[in-house]
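As structure tokens, the structure follows; a few thoughts come after it.
Where a number appears in this text, it was derived from the coordinates with a stated rule and is not lab data. This structure is a prediction, so every number in the text was calculated from the model and none was measured. No Cβ is skipped: glycine too gets one built from the backbone with ideal geometry, and neighbour counts run over all protein chains shown.
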């Protein structure tokens, strides 16, 4: 029993750290957790299924917290939720029928580009809040890539909404709640 505890402890700590980052930044739980599980030899479809099962609970708690702190833009939520669900179902279907490793390099390149663009814009331009224009297709693509790649809803959707100029606090709360 004690041996099992020590074997599981790294996973518990990684999950705790991943959720702490995800709750604060609106991204990273799926990416960190999936990367860890796949690096330990778990097949991508099994890693994605496991991570998304856990995320059902962690994201629900995070969403409730953001709702209680009034960090959710409900208009944006409605525009994201349905396309995100459709994309997630399609992504899970694709992941179940093709090798997820084929999609991963494209998702990682895309996320690196978004990260670089966010850093550049943060340094070059002062923040100003505007309503995002591209939301439905973003939810569809974010849901698809999250399910097919084992993680990515937060980095893809949050990152893109921030690039479009939306208020960071509301984006993070809304994206976490929609997830």
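Quick check on packing: order 158-170, 116-128 by the mean number of other C-beta atoms within 10 Å, highest mean leading. Intermediate values should be presented prior to the final figure.
On the way: 158-170: 20.2, 116-128: 10.2.
Averaged packing, sorted descending, gives the order 158-170, 116-128.
Quick one: helix 44-68 against the long Cα principal axis of the chain, what's the angle to the nearest 10°, folded into 0 to 90?
Rounded to the nearest ten degrees, it is 50.
Measure nothing fancy, just the Cα-based angle from helix 2-25's long axis to the longest principal axis of the chain, in degrees from 0 to 90, nearest 10.
So the inclination is approximately 10 degrees.
Taking the chain, how much of its Cα-Cα pair set, in percent, is spaced more than 29 angstrom apart? Kindly include the intermediate steps, with their values, before the conclusion.
On the way: 2971 of 15931 pairs.
Here the tail beyond 29 Å accounts for 19 percent of pairs.
For 69, 52, what ranking results if the residue with the fewest other Cβ atoms within 10 Å of its Cβ goes first? Don't skip to the end; give the middle numbers.
Numbers: 69 10, 52 21.
So the ranking, lowest neighbour count to highest, is 69, 52.
Would you mind ranking 113, 33 by Cβ crowding within 10 Å, fewest neighbours first? Before the final figure, lay out the partial values.
Values: 113 11, 33 27.
With the sparsest Cβ surroundings first, the list reads 113, 33.
Rounded if a/c is under 1.5, else prolate if a/b beats b/c, else oblate: with a ≥ b ≥ c from the C-alpha gyration tensor eigenvalues square-rooted, which is the stretch 1-105? Kindly include the intermediate steps, with their values, before the conclusion.
On the way: a/c = 2.49, a/b = 1.20, b/c = 2.08.
It comes out oblate by the Cα gyration axes.
Please determine, in degrees from 0 to 90 and to the nearest 10, the orientation of helix 168-178 with respect to the longest principal axis defined by the Cα atoms of the chain, where the helix direction is its Cα long axis.
So the inclination is approximately 50 degrees.
Rank by packing, highest mean first: peptides 5-18, 72-85, with packing defined as the count of other Cβ atoms within 10 Å averaged across residues.
On the way: 5-18: 12.2, 72-85: 18.2.
Highest mean packing first, the order is 72-85, 5-18.
Quick check on the exposure proxy: order 35, 59 from fewest to most C-beta atoms within 10 angstrom. The partial results should precede the final answer.
Values: 35 18, 59 23.
If I rank by nearby Cβ atoms, fewest first, I get 35, 59.
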